[in-house]
Every structure is written in C-alpha cells, then in structure tokens.
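**Student:** Got a structure for you, written out below as structure tokens; questions coming shortly.
The values are calculated or read from the model by the stated rules, or taken from the named source; none is laboratory data. This one's a predicted model, so the numbers in the text were calculated from it and none came from an experiment. Cβ placement follows ideal geometry from the backbone for every residue including glycine, while neighbour counts extend to all protein chains displayed. Calculation scope for accessible area: heavy atoms of the full protein, side chains included, ligands and nucleic acids excluded. Shrake-Rupley method; radii C 1.70, N 1.55, O 1.52, S 1.80 Å.
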Amino acid sequence: MYFLYSRESISVYICISVITFLLGIPIFVMGIWLTHQLSTECEVFLNAPIITLGTLILVLCLAGVCWAARLKGLQLCCHGYIMFVLLSTLLGYTIFALVVSAKGGGEPLGWRAYKEYRLDNYSPWLQKRVNNAKHWNDLKNCIVKNQVCSKFQHKFGEDTQDQFFSRRLSSIESGCCKPSNDCKFNYTSPTEWTKPKDVNYTNTDCYKWENDQDVLCFDCQACKAGLADDVKRNWNKAGIVCIIFVILLMLSSFLGCKVIENPV
C-alpha cells in the first residue's frame with residue numbers, strides 16, 4: 001500500500017533522489033551554456049524552456065532529498081510522478097528542438113576557406129521564425145549589440161583579399177558581416193566592398209548590402225541563415241547531452257516510484 005513504507009525504502013528513495021539531482025545538473029549547465037552562445041542568447045525561445053525546466057527538476061530533486069523522511073508513501077510517489085511529467089516535457093521539447101535544427105549547413109565555395117549560408121536549406125520552422133519582421137528586428141539588434149561585425153572588422157581589417165579568403169568565418173560573420181559571393185563585389189576590406197555599376201543581381205542580398213557599419217548585411221537572407229546555422233549547431237550539441245541525461249533521469253525517477261510502490 002502507498003501509505004505503508006519502510007525506513008529502508010525511504011533510504012533507497014533518498015539515494016535515488018541524490019543521484020537524480022546529480023544527473024539533473026548537466027541539463028541545467030547546458031541551459032546556462034546556451035545563454036552564452038550568441039544565437040541562442042538572441043533566440044531566447046530556444047534556451048528559456050530548458051533553463052526553466054532544468055531549474056524545476058533540480059528544485060524537485062532537492063525537495064525529494066530533504067523531505068523524503070517526512071513525507072508519506074503516496075506523497076513521495078506523487079513527487080516521483082511530477083518529476084516524470086517534467087522530464088517527459090523536457091524530453092519532448094529537446095526532440096522538437098533537434099528536429100527543427102536538423103536540416104541545413106554551409107555551402108563550401110571551393111577556393112575560399114569560409115562557407116556561405118542559404119535560408120531555404122533550413123527547417124520551415126526556423127525559416128518562419130527568422131523571417132518574421134518584428135522578431136528578426138529583435139534578433140538583428142541583439143547581433144548588433146554584441147558587436148559581432150565590429151569585432152570581425154577589428155580581427156580581419158588589415159587582411160589582403162587572399163588573406164581574408166583564407167579565413168574560417170563563423171556562420172554569423174559570413175552571413176551578416178560581408179556580402180554574398182554571388183554579388184562579385186570588389187574587395188577593399190572585410191566590411192567594405194565596391195559594387196559594380198549597372199549590374200542586375202540574381203541574389204537579392206546584393207541589393208541590401210551597404211558599407212555602413214550599422215547596415216552591412218543585417219537584413220540579408222544570408223544573415224538570417226547564418227543565425228539559423230548557429231542555432232542548429234548549438235542545439236545539436238546541447239540536445240544530444242540533454243537526451244542522454246533526460247533518459248537517465250526518467251529511469252531514476254521511475255525507480256524511485258517503484259521503490260515507494262513496492263517497499264523494501
């Protein structure tokens with residue numbers, strides 16, 4: 001019966017709660033790590049839930065350790081099932097994030113070290129997210145606030161054309177801080193290019209490029225694709241770690257419930 005439990009059962013439950021708490025720490029750490037990556041710092045929709053759920057899981061685990069000896073069997077089992085619901089939610093969210101960030105990648109340019117990015121290579125969800133005008137304006141302001149292209153110019157500003165073409169740029173640097181290779185602009189510096197006159201461009205990003213440091217290619221599709229690629233890479237790393245630890249946490253939570261349902 002749920003209301004009858006032995007001291008041994010509670011001791012085992014406390015041990016399992018401690019293990020669960022320790023297993024929950026990497027998930028919380030992953031959430032913190034995501035907030036320090038530019039794309040996921042700007043795209044808070046992708047990191048806020050994992051931090052919130054990770055915090056709730058840690059608090060619930062700690063509560064299980066502290067209160068196990070005072071709670072009755074049914075209450076402990078409810079604690080375990082609440083944990084299971086939180087973990088199921090986190091698992092579902094992580095799978096969703098991995099699915100929407102599965103597609104996409106940079107396109108090599110052959111004789112240039114960096115890659116270029118096209119938004120239509122990414123998932124429809126990410127495309128819709130960054131193509132929303134109001135949302136993109138917030139993301140763009142976040143990129144500008146973090147001085148990505150200012151740092152980019154500072155790092156590579158003295159490069160010759162050949163030196164610059166040999167640089168391995170981040171997806172955001174490639175998409176937002178320089179024009180597309182399709183434009184065939186003449187290189188002056190990494191953030192200053194000369195447009196040929198009277199040319200019809202097939203890539204609309206070429207019309208959006210300006211040498212103005214406040215404009216550059218921040219409204220280009222390539223900039224949106226660069227952010228999408230950074231989100232994809234960060235979420236692939238974080239998602240794999242989260243999936244592993246969520247499954248271990250679910251097993252630990254399940255064992256905790258079984259210990260209370262079937263006292264030692």
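**Student:** Collect the residues in the stretch 120-142 that are under 22 Å from Asp214 (Cβ atoms) and in a helix (DSSP H, G or I), keeping them in residue-number order.
**Tutor:** Val130, Asn131, Ala133, Lys134, His135, Trp136, Asn137, Asp138, Leu139, Lys140, Asn141, Cys142, listed by residue number.
**Student:** Listed residues Lys178, Lys208; which is among the charged types (D, E, K, R), closer than 20 Å to Tyr114 by Cβ and open to solvent by less than 30 Å² (accessible area, probe 1.4 Å)? Write out each step before concluding.
**Tutor:** Details: Lys208 fails: open to solvent by less than 30 Å² (accessible area, probe 1.4 Å).
Checking each option against the conditions leaves just Lys178.
**Student:** Out of the residues in the stretch 51-99 meeting the condition of being more than 21 Å from Val29 (Cβ to Cβ), aliphatic (A, V, I, L, M) and in a helix (DSSP H, G or I), tell me which one is modelled with the lowest pLDDT.
**Tutor:** Only one residue fits best here, namely Leu74.
**Student:** Quick one: count up the residues across the stretch 158-170 that are loosely packed, with under 15 Cβ neighbours inside 10 Å, in a loop (DSSP other than H, G, I, E, B) and not hydroxyl-bearing (Ser, Thr, Tyr).
**Tutor:** Total meeting the criteria: 2.
**Student:** Could I ask something else about it? Does the stretch 4-24 hold any residues that are in contact with a Phe, Trp or Tyr (Cβ under 9 Å, 6 or more places away or on another chain) and at pLDDT 75 or above, and which are they?
**Tutor:** Leu23, Gly24
**Student:** Taking the options Glu173, Glu192, Glu158, name whichever one is within 15 Å of Lys115 (Cα to Cα) and acidic (Asp, Glu).
**Tutor:** Glu173
**Student:** Can you find a residue in the stretch 29-50 that is at pLDDT 85 or above and open to solvent by less than 60 Å² (accessible area, probe 1.4 Å)?
**Tutor:** no
**Student:** Also, quick follow-up: Inside the stretch 181-205, can you point out the residues that are open to solvent by less than 50 Å² (accessible area, probe 1.4 Å) and under 19 Å from Gly110 (Cβ atoms)?
**Tutor:** Hits for the stretch 181-205 are Asn181, Cys183, Phe185, Tyr187, Asn203.
**Student:** Take the residues of the stretch 100-124 that are open to solvent by 70 Å² or more (accessible area, probe 1.4 Å) and at pLDDT below 90: which is nearest to Cys42 (Cα to Cα)?
**Tutor:** The extreme case among them is Lys103.
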